[in-house]
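What follows is a single structure, written as structure tokens, with notes after it.
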Amino acid sequence: MKKITLLILSLLPLEIFAQNLSPKMAAFKEYCLNVANASAICNISELEKCIENWTPAELDDNGNLITEEKFVYKNEQINYVMFGNLQCEDTVQEVATGIHFRFLPPAVDSWITNNCEPVLIAEANLLRAEENSMEYSVRTLKPHGKAVYSTRGAETVEMFVVAENGGKVRFSAHSVEKKISGEIANEIHLTDPSDGQSAQLVWTMNRNGDIEFSVENLTDKEISFIVVKKM
């Protein structure tokens, strides 16, 4: 009986991990993978295809927004904003992203314009948060570096990580939900065991809670990656 019980428990995290991303998240993940790999071989036509339905924001001479940025990929409108509350618990393993690949449409547009020559570009001021928006952050880790981050979440939590071409990452998350009294009501720990260029996790939180997640660089070189969470 003990052996059967242990087998069932060991399968639970895998069942959680095996859930599919929602269509918008799946489309954004596919986009991130495609631009990361196309940029590595300077496939301009593929990069152009990835952002063919992207319209940059238009600003007036005073920097005021005239027209919002619009991005459609695989027939899904992609709305994204930078993480509002992402904290890195230990910055020792991180390095400045600098000229590493930055994934987002403005960065892809810059790579196309500069024929894949890495250039320092400012992160764009992105869309205001809307329903079904996605939070993102582009970070860079040292060789075999591991960084831990904290954020907030509720309900169905969807997250993915995509590394630049040649990168391999290990992605784990730990969420804690507490009662008003401060007592822990629910705690979940899960890991994507694929150890590849991308990773994803989907799970359910019954109430607002804290999420601590880690990204580990499994390679011998610095790598940049994008982490995305559905809001």
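The values are calculated or read from the model by the stated rules, or taken from the named source; none is laboratory data. These figures come from a predicted structure and were not determined experimentally. Backbone-built Cβ (ideal geometry, glycine too); neighbour counts: all protein chains shown.
Listed by first and then second residue, the pairs linking a residue in the stretch 142-155 that is closer than 18 Å to GLU187 by Cβ and touching a residue at least 12 places away in the same chain (Cβ under 8 Å) to a residue that is of a type in the set (S, T, N, Q) and not in a strand (DSSP E or B), with Cβ atoms under 7 Å apart and 6 or more places separating them unless they lie on different chains, are THR151/ASN85; ARG152/ASN85. On the stretch given as the stretch 199-213, residues that are of a type outside the set (Phe, Trp, Tyr), in contact with an Asp or Glu (Cβ under 9 Å, 6 or more places away or on another chain), surrounded by 16 or more Cβ atoms within 10 Å (Cβ to Cβ) and under 21 Å from LYS29 (Cβ atoms) total 5. Looking only at residues that are among the hydrophobic types (A, V, I, L, M, F, W, C) and part of a loop (DSSP other than H, G, I, E, B) in the stretch 183-231, which one is modelled with the lowest pLDDT? The selected residue is MET231.
Of ALA36, ALA26, all but one fail to be surrounded by fewer than 18 Cβ atoms within 10 Å (Cβ to Cβ), at pLDDT 85 or above, under 14 Å from the mean Cα position of the chain (by Cα) and in a helix (DSSP H, G or I); the exception is ALA26. If you scan the stretch 144-171, which residues turn out to be among the hydroxyl-bearing types (Ser, Thr, Tyr) and crowded, with 19+ Cβ neighbours inside 10 Å? Scanning the stretch 144-171 gives TYR149, THR151. Reported count of residues in the stretch 161-215, each being closer than 30 Å to CYS42 by Cβ, of a type outside the set (Lys, Arg) and out of contact with any Cys (no Cβ under 8 Å at 6 or more places or on another chain), is 16. Residues being over 17 Å from ASN165 (Cα atoms), modelled with pLDDT of 90 or more, outside any helix (DSSP H, G or I) and among the charged types (D, E, K, R) are entirely absent from the stretch 79-92.
What are the residues in the stretch 162-191 that are touching a Lys or Arg at 6+ places or on another chain (Cβ under 9 Å) and either among the charged types (D, E, K, R) or closer than 19 Å to MET25 by Cβ (or both), if any? It would help to see each step written out before you state the result.
Going through the stretch 162-191, the residues touching a Lys or Arg at 6+ places or on another chain (Cβ under 9 Å) turn out to be 162, 166-167, 170, 177-179, 184-186, 191.
Selection gives VAL162, ARG170, GLU177, LYS178, LYS179, THR191.
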